[in-house]
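These notes are about the structure you will find just below.
Read-outs throughout are calculated quantities, based only on the coordinates presented, and are distinct from any laboratory measurement. Being a predicted model, the structure only gives us computed values, none of them experimental. FYI the Cβ positions are ideal-geometry reconstructions off the backbone, even for glycines, and counts take in every protein chain you see.
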């Protein structure tokens, strides 16, 4: 295994698969152990993920903790699924070609599919299915946003290069408001990240009063110029700034909003809708890392319905509440779990799952399928954007980024492994 | 080599001037002639049947970002109240549902079982091109291709605004087509999607974009000339200004004028043929538009017929979708500004027979079909799903072929339309030859598909064999046999094989020097740089699910319109 191409040529441009920003302005260099590192850019999330790769021989596939040949692991996985009556295919940490493959497996064994941490993604979807919304993309924000309101989180924690990605090539006045961040430390850290990438931006922080739902409701009403008893001067001032800006961007992460995030998102979209009557405004939801956005897209385009749909005997049963990974595992409502996680340390399989497990993952997951009392299969797979070319959707769901291989590697891809399991399940 | 003979059908093949009872022989996926004394390996008795080339839909929103947003927005289309829709009873079909927002799999099955063998996505966003190709690759059986959207991207608008050399702009168009593996180029509300990002709410053909100060007229003329000179078979595909606005016939006629003699294909013209007469200040301008089409041989159209019932409108035209969003039914809609490149608006809609406006739209579409004289320049579409789902094509064909049926439907509509529409007095009934032109021969010619849309020797064996039933809706809903590249894919409305279709794309020539300009622009705007934005043939193959690659060579034709 070695880096592609030879070390004498300039490092090729590389697109990072480790969060939903899919930064494409990066390059890698490999150290003597074959571990890649970023050149000319800082990103703690990418660096942590890259540290999991080296030239060491990958662990072998295992069945019930014992090393086996790939073919036998695939046969065992297929047997486990043939015996299952209600399997769940979860995690879905893969690329578009991987998603095409597990879609066929879901059909063949009547599974439910959901991503890791799907609560946020499905809450965002519920908000959209109730009222719709108006959205924007990174390049549009960079081109024209003059007021960005970040609601309820410090997105730089999970998307470290966010502010660099939306920094215009020629500095212009941008106002950024951090609304309803839980702690002062988070505000300070986010301010520092913004200051590094956008030195000319002004940054203000407002606490949510008394909570984010109420704050979003108050803001929505004030922007619509309704009377709100008890609204603070800061809230009134923010509403005026929103009304006066040319292109407002509201930004949120549905995965880390407080419980019932769809209610907050609906209020934010109502604010956007009101603003669009006279000026321009749009929203952006940050999330969908590790192939989660790609999984949602592929499931939807092939079947017509989003994730959290059972490919069952009655038809395709979509249930955004009942068919989530956490709920199904906690309720014991499934009897086998296929967990797909090809990117590295995340997403990890649910720790409380004690039933039959097929873990199709990055080599570093080997231990997670050891020492279990239920039947367990582990199959190490290659990583899209490191070991093979692929495609993942960026956070906005509109830009589909091509990923290139960064090194030569021999592990099979998720698409290949799942395809072979499906052939055996369907052929039975 | 095994060959198959379709014996004794009435072969309707207007591209070759054929309407006669004759045999058709298929071998190795092609239509061939048997040598004297040679016999086919197998025979099918097609007597009493009408044999046509496979249908070709040149404007159907089958894949890409806004189509998938429509699916996400409308789970209602994929279940029956609270109950799931039943699974297909055909083991060859994977679970996939929906009517106005069908999954890609069901899109392929339903098209093929009606005798269609190709469909083209008309509104591919450049930054979303890979997504569109992946979705189309997951539409089984059908060949496919897409038109990439230009004329709202900041790059071309800036170049026109700066008065840059036409040849440089033509290079950008050529590069964009090749990079995105597009079959053609579409312009949507020229300049209007971009203008909406600058908070402009209307843009007439000779009005200026609020920021770039360019007019839709200059955008249309520039792009139509570029597409012609690059040698694309399909003329510039134009979604004109002012979609849905009363009185928009003026801007539609102005758009034809803006072509300056260059070829142009005006799409879903039903939505662009409105006058301002009558008590509701909303009237049919179908005759004016038909007159213009009849008088301008450089112009072709597709209709975008509306069909009553639930659907969803999915468009790149954020400016007009925003204006119509208050009509959303159910009351929800999605809009987006996309990557300094494009936009999209998804608005669910229910066309109602008792609505004056909807009834008028229905009548306008049919008036257009019956008033345009040259069938080679008018294509049968519902702008799926915007006017209605493609599954309503057999119904639409019956409306065009059966005056009695048409007038029965007209009588059910809003009384002012039922009694006042000129449609009631129109006696024309399209014949099978004309239907064959509107649904396969014509679109094949407008797309430059030399071996499709006809049944001459050497043509691809994409063939639909219909029973000649008096009820034309029943006839066109479930053909007896459908062949795709010689393979039987559907029989009596049931899928019997699921091959992967191919992808059509154009390969125009351009000056590679333009890539430096594009790289600079990409850096400035933070979009994907041109080397990685370009989709290689290998990558296209992955996206298209390893279907056949169907490239179309283009020869530069400088100067002539």
Order of A:252, A:353 under a 10 Å beta carbon neighbour criterion, fewest first:
A:353, A:252
Among A:56, A:326, A:209, residue whose mean-square fluctuation peaks in a GNM of chain A (springs only between Cα atoms under 10 Å):
A:56
Acute angle (nearest 10 degrees) that the helix A:233-244 long axis makes with the longest principal axis of chain A, alpha-carbon atoms:
80
At R0 = 35 Å, how high is the FRET efficiency between residue A:54 and residue B:539 if r is their beta carbon distance? Nearest 0.05 is fine.
0.80
Using only the Cα atoms, work out Rg/Rh for the stretch A:16-123, with Rh taken as the Kirkwood radius, to two decimals.
1.05
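Would you calculate the volume per residue, in Å³, of the smallest convex hull containing every Cα atom of the stretch A:105-162? Display every interim value, and only then the final one.
Details: hull volume 9.5 nm³, N = 58.
Dividing the Cα hull volume of the stretch A:105-162 by its residues yields 164 Å³.
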Once normalised by the length of chain B, the mean sequence separation of its alpha carbon contacts under 8 Å that are 6 or more apart gives a contact order in percent of 21
Relative to the longest principal Cα axis of chain A, at what angle does helix A:414-427 sit, 0 to 90 degrees, rounded to 10?
60
Using a Gaussian network model of chain A whose springs link C-alpha atoms within less than 10 Å, name the residue from A:47, A:254, A:153 with the highest mean-square fluctuation.
A:47
Can you compute the radius of gyration and Dmax for the stretch B:48-181, using only the Cα atoms, both in Å?
18.6, 63
Just the number: Rg to Rh for the stretch B:205-295, Cα atoms, Kirkwood Rh, two decimals.
1.01
Per-selection metrics, the stretch B:144-239 (Cα): Rg and Dmax in Å
12.6, 37
If one takes the longest principal axis of the Cα atoms in chain A, at what angle in degrees, from 0 to 90 and to the nearest 10, does the Cα axis of helix A:96-109 lie?
60
Just round it to a whole percent: the fraction of Cα-Cα distances in the stretch B:403-451 exceeding 11 Å.
72
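Restricting to the stretch B:42-170, what percent of DSSP beta bridges are antiparallel, rounded to 5?
The answer is about 20 percent antiparallel.
Once you average over the residues of B:527-533, how many Cβ atoms of partner chains fall within 10 Å of each Cβ?
On the way: counts 7, 8, 3, 0, 1, 6, 2.
Taking the mean over all residues of the peptide, I get 4.
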Convex hull volume per residue for chain B, taking Cα atoms only, in Å³:
145
Largest-first principal axis extents, alpha carbons of the stretch A:198-337, Å
56, 31, 28
Of B:117, A:274, B:517, how do they rank once you tally other Cβ atoms within 10 Å and put the fewest first?
B:517, A:274, B:117
Give me the orientation-averaged projected area of the Cα convex hull of the stretch B:1-103, in nm², one decimal.
10.5
Once you put a point 7 Å from the Cα of residue B:520 and another 7 Å from the Cα of residue A:322, both along the Cβ direction, what distance in nm separates them?
6.1
In cubic angstrom, how much convex hull volume per residue do the alpha carbon atoms of the stretch B:364-464 span?
109
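How much length would be gained if the chain were fully extended between residue B:350 and residue B:424, taking 0.36 nm per residue of separation minus their Cα-Cα distance, in nm to one decimal? Each step should come with its number before you reach the end.
Working: separation 74, 0.36 × 74 = 26.64 nm, distance 2.41 nm.
Separation in residues times 0.36 nm, less the Cα-Cα distance, equals 24.2 nm.
Could you give the length gained by full extension between residue B:7 and residue B:494, i.e. 0.36 nm per residue of separation minus their alpha carbon distance, to one decimal place?
On the way: separation 487, 0.36 × 487 = 175.32 nm, distance 2.17 nm.
Value of the extension gain: 173.2 nm.
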Output the antiparallel fraction of DSSP beta bridges having both residues in chain B, as a percent to the nearest 5.
55
For the protein assembly as shown, report the translational diffusion coefficient in µm²/s to the nearest whole number, using Stokes-Einstein at 10 °C, 1.306 mPa s, and a Kirkwood Rh over Cα pairs.
54
Between the stretch A:331-400 and the stretch A:121-198, how many Å separate their Cα centres?
29
Hey, what did chain A get for relative contact order, percent, Cα under 8 Å, at least 6 apart?
26
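What translational D, rounded to a whole number of µm²/s, comes out for the stretch A:54-180 from Stokes-Einstein when the hydrodynamic radius is the Kirkwood one over Cα pairs, at 4 °C and 1.567 mPa s? Display every interim value, and only then the final one.
On the way: Rh = 19.4 Å.
Answer from the Stokes-Einstein relation: 67 µm²/s.
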Give the span of chain A's Cα atoms along each principal axis, as three whole-Å numbers ordered largest to smallest.
67, 59, 34
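Just the number, please: Stokes-Einstein D of the stretch B:322-377 in µm²/s, Kirkwood Rh from C-alpha pairs, 25 °C, 0.890 mPa s. Kindly include the intermediate steps, with their values, before the conclusion.
On the way: Rh = 14.0 Å.
D, rounded to a whole number, is 175 µm²/s.
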With label points built 7 Å along Cα→Cβ from the Cα atoms of residue A:195 and residue B:531, find their separation and express it in nm.
3.7
Here, residue A:225 and residue B:21, labelled 7 Å along Cα→Cβ, have an inter-label distance in nm of 7.7
State the antiparallel share, in %, of DSSP beta bridges confined to the protein assembly as shown, rounding to the nearest 5.
45
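Can you give the mean number of other chain Cβ atoms that lie within 10 Å of the Cβ atoms in peptide B:340-347? Walk me through the intermediate numbers first.
Values: counts 6, 5, 2, 4, 2, 2, 1, 1.
Per residue, the average neighbour count from other chains is 3.
Report relative contact order for the stretch B:380-492 in percent, whole number only (criteria: Cα-Cα under 8 Å, sequence separation at least 6). Spell out each step's value before the answer.
Values: 125 pairs, mean separation 22.6, N = 113.
That works out to 20 percent.
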Debye log10 I(q)/I(0) for the stretch B:456-542, one point scatterer per Cα, at q = 0.15, 0.16, 0.21, 0.27 Å⁻¹
-0.74, -0.78, -1.06, -1.25
Rank the residues B:509, A:140, A:346, B:229 as a footprinting-exposure proxy: fewest other Cβ atoms within 10 Å of their Cβ go first.
B:509, A:346, B:229, A:140
Three principal axis lengths of the stretch B:248-360 [C-alpha, angstrom, descending]
41, 41, 22
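Output the direction-averaged projected area (hull surface divided by four) of the convex hull of the alpha-carbon atoms of the stretch A:330-428, in nm². Please list the in-between numbers first.
Values: hull surface 32.8 nm².
Convex hull of Cα atoms, orientation-averaged projection: 8.2 nm².
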What do the square roots of 5 times the Cα gyration tensor eigenvalues come to for the stretch A:171-237, in whole Å, largest first, as semi-axes of the equivalent ellipsoid?
25, 15, 8
Structure-based [θ]222 nm, chain A - -39500 (n - 2.57) summed over DSSP H runs of at least 4, per residue, nearest 500
-10500 deg cm²/dmol
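If the convex hull of the alpha-carbon atoms of the stretch B:84-135 is projected onto planes in all directions, what is the mean projected area in square nanometres?
That works out to 4.6 nm².
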Can you compute log10 of I(q)/I(0) for the stretch A:130-259 with the Debye formula, treating each Cα as one identical point scatterer, at q = 0.14 Å⁻¹?
-0.62
